[in-house]
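No lab work stands behind these numbers, since they all come straight from the coordinates. Note that the structure is a prediction, hence the values are computed from the model and not measured. No Cβ is skipped: glycine too gets one built from the backbone with ideal geometry, and neighbour counts run over all protein chains shown.
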Amino acid sequence: MEDPVVQLEAVDAAYEGERIATLHGVTIRLTRGERVAVIGPNGAGKTTLLEVVNGLLPATAGQVTVFGRSVQREGHWLRARIAYMAQELFFDPATPFLVKDVVTAAVYGRIGWLRWPSRADRDRIQAALSTVGIEDLARRPIGRLSGGQQRKVLLARALAQNARLLLLDEPTANLDPDAKLDVARIVRDVEKELEATALVVSHEGGPLLEDAERLIHFDDGRITHDGPMRALRERLLAMEV
Amino acid sequence: MFGLPWHIVLPTLLGSLLVGILCGLMGALVVRMKLSSLGFAMSHAAFAGAALGLMLSVADPLWLAIAFSVATAAVLGPLADLSRMNADTVVGAFFPLTMALGLIFINKAPSAGIGSGALSLLWGSVLGITMDQVVTLMTILGAALLVLLAFGKELLALLLDRKLAEASGIRTRPVSYAVLFLVAVVVAVSMRVTGGLLIYAMMILPASAAFQWVYDIKKIFLLAPALGVISALAGFLVSLAADLPIGSSIAVSSAALFLVSTILSPKRRRVT
């Protein structure tokens, strides 16, 4: 059996100060190259799942491993190799960073203290901008871009990072229909280029969900379905009958 | 120059310029990290330390000023993390304590020399600066530049977005604590030139003015100290020409520069 990219075993998680856990006994196994969509109502634990996978929120019970390493023990090392697109992250117009610098900052965690990006890093950053189709935006201030363009910049960061695991939280939320299609296409390109596993959270339909091979449904911090999209649809239909 | 001997003018001028550079650099950090009140809290802590020095009649109260300022930095960062409060809120809660301590120490200080000593703590005494103090400022500037270069990329990631930096594997906590520490030392050392009340102006105004002009954070780290130098130089010349206190003249120059930058800022133009 192939080694899992992500493995969660009976994981509970709670935000600091919260008395009630946000995740309850979650067990998930993701393999290389899989695209898994995570759906569910607001507050179901979808975003929490992504934060637990990259270690930003420590599990209160159970085990989380990514690429065979413990997230609890090697969180920083792993996060430098995981691309995470947070749902609420949008740069305000006054943000004093150019697009190229935002993409470059994605490799800083990976290269470690007291070192600056090498020639190879800079080449990869240039290639990332080109693959995502934002080469012409490289010298523009990030805060001056549209929401869709900012999402593309974050996807270019994933390429620059050479990440093999993408954690995408509502990557097409608040975008117009054309931008949604555009971002969905780039997510596919990035996944293909990196041969990456992707965990995509969404509470709306759309191309990103339709392409998913597997769908996990969350409700109240628990997994209520984990399987192919078609199986869930059949189950929901059966419930309606 | 203006009837003053060069052995007084030169250290004063050099001291002012060095403080302009140092405060500009630190200001770029604290303004972007939305910790503007940090300079305020640090300067009051340094004031309290220096006041304790006056009370104890130590030869050089600067070291106590540095100790208090650094101790504040050591408390503020972990306290903000621990309480999950905005660092600015913690700073706001902290500074009245240090101000009160400063006033208590001054109140208990021996009466001889207290008037000029206390005033110099509050308003600075640029004309009293010595070449030894200029060397101290140069040393601190060299150390600050080394820290900025050594941890430059981690700082840039932190200044872009703390959560994004943490999510891409940067250890943001030691980097932000290093910023607090650096600001504490710079505030305490610069206080002798500008005084405890005006160091805040020197740290915030030139940096805020720089943010009005450019979008590239790396250019801001060049522009903010350059504007700090311009403010210091302008304040220095105005003070000599009009016989005004130097620290206050520098602060007024910084404010004027900030006002002009805000009015003329290309960032305020609408994108057509």
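Take the conditions (1) within 28 Å of A:Arg188 (Cβ to Cβ); (2) surrounded by fewer than 19 Cβ atoms within 10 Å (Cβ to Cβ); A:Val52 misses just one of them, which is (2). Looking at B:Leu182, B:Leu205, just one residue is within 23 Å of B:Asp132 (Cα to Cα), out of contact with any Pro (no Cβ under 7 Å at 6 or more places or on another chain) and either of a type outside the set (Gly, Ala, Ser) or within 14 Å of chain A (Cβ to nearest Cβ) (or both), and that residue is B:Leu182. If I ask for residues that are in a loop (DSSP other than H, G, I, E, B) and either over 13 Å from the mean Cα position of the chain (by Cα) or within 14 Å of chain B (Cβ to nearest Cβ) (or both), which ones from the stretch A:166-206 would you list? A:Ala173, A:Asn174, A:Leu175, A:Asp176, A:Glu195, A:His203, A:Glu204, A:Gly205, A:Gly206, listed by residue number. The condition (being more than 14 Å from every other protein chain (Cβ to nearest Cβ), in contact with a helix residue (DSSP H, G or I) (Cβ under 9 Å, 6 or more places away or on another chain) and of a type in the set (A, V, I, L, M)) is satisfied by just one residue among B:Ala241, B:Ala251: B:Ala251. For the stretch A:78-93, the set of residues classified as more than 7 Å from every other protein chain (Cβ to nearest Cβ), of a type outside the set (Lys, Arg) and in a loop (DSSP other than H, G, I, E, B) consists of A:Gln87, A:Glu88, A:Phe90, A:Phe91, A:Asp92, A:Pro93, listed by residue number. Annotation note: Cβ proximity below 7 Å between a residue of the stretch A:143-165 that is away from chain B (no Cβ under 11 Å) and farther than 21 Å from A:Glu195 by Cβ and a residue that is in a helix (DSSP H, G or I) and among the charged types (D, E, K, R) (sequence gap 6+ or interchain) occurs for A:Gly148/A:Asp182.
Of all residues in the stretch A:95-134, those that are hydroxyl-bearing (Ser, Thr, Tyr), in contact with an Asp or Glu (Cβ under 9 Å, 6 or more places away or on another chain) and more than 8 Å from every other protein chain (Cβ to nearest Cβ) total 2. Scan the stretch B:150-165 for residues that are under 20 Å from A:Asp121 (Cα atoms) and facing chain A (nearest Cβ under 7 Å) and the total you get is 7. Among the numbered conditions (1) free of Cβ contacts under 8 Å to residues at least 60 places away in the same chain; (2) part of a helix (DSSP H, G or I); (3) surrounded by fewer than 22 Cβ atoms within 10 Å (Cβ to Cβ), the only one that B:Pro110 does not meet is (2). Taken as a whole, the condition of being more than 13 Å from chain A (Cβ to nearest Cβ), part of a helix (DSSP H, G or I), of a type in the set (A, V, I, L, M, F, W, C) and in contact (Cβ under 8 Å) with a residue 12 or more places away in the chain does not apply to B:Ala210.
A quick yes/no check of all residues on (1) buried (at least 19 other Cβ atoms within 10 Å of the Cβ); (2) out of contact with any strand residue (DSSP E or B) (no Cβ under 6 Å at 6 or more places or on another chain):
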{"position": "A:Val66", "(1), (2)": "yes, no"}
{"position": "A:Gly75", "(1), (2)": "yes, yes"}
{"position": "A:Tyr84", "(1), (2)": "yes, no"}
{"position": "A:Glu88", "(1), (2)": "no, yes"}
{"position": "A:Phe91", "(1), (2)": "yes, yes"}
{"position": "A:Lys100", "(1), (2)": "yes, yes"}
{"position": "A:Val107", "(1), (2)": "yes, yes"}
{"position": "A:Ser118", "(1), (2)": "no, yes"}
{"position": "A:Gln126", "(1), (2)": "no, yes"}
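Condition first: closer than 21 Å to A:Thr172 by Cα, touching a helix residue (DSSP H, G or I) at 6+ places or on another chain (Cβ under 6 Å), among the polar types (S, T, N, Q) and surrounded by 14 or more Cβ atoms within 10 Å (Cβ to Cβ). Can you find one or more residues in the stretch A:15-26 that meet it? The answer is no, given that none of the residues of the stretch A:15-26 is closer than 21 Å to A:Thr172 by Cα, touching a helix residue (DSSP H, G or I) at 6+ places or on another chain (Cβ under 6 Å), among the polar types (S, T, N, Q) and surrounded by 14 or more Cβ atoms within 10 Å (Cβ to Cβ).
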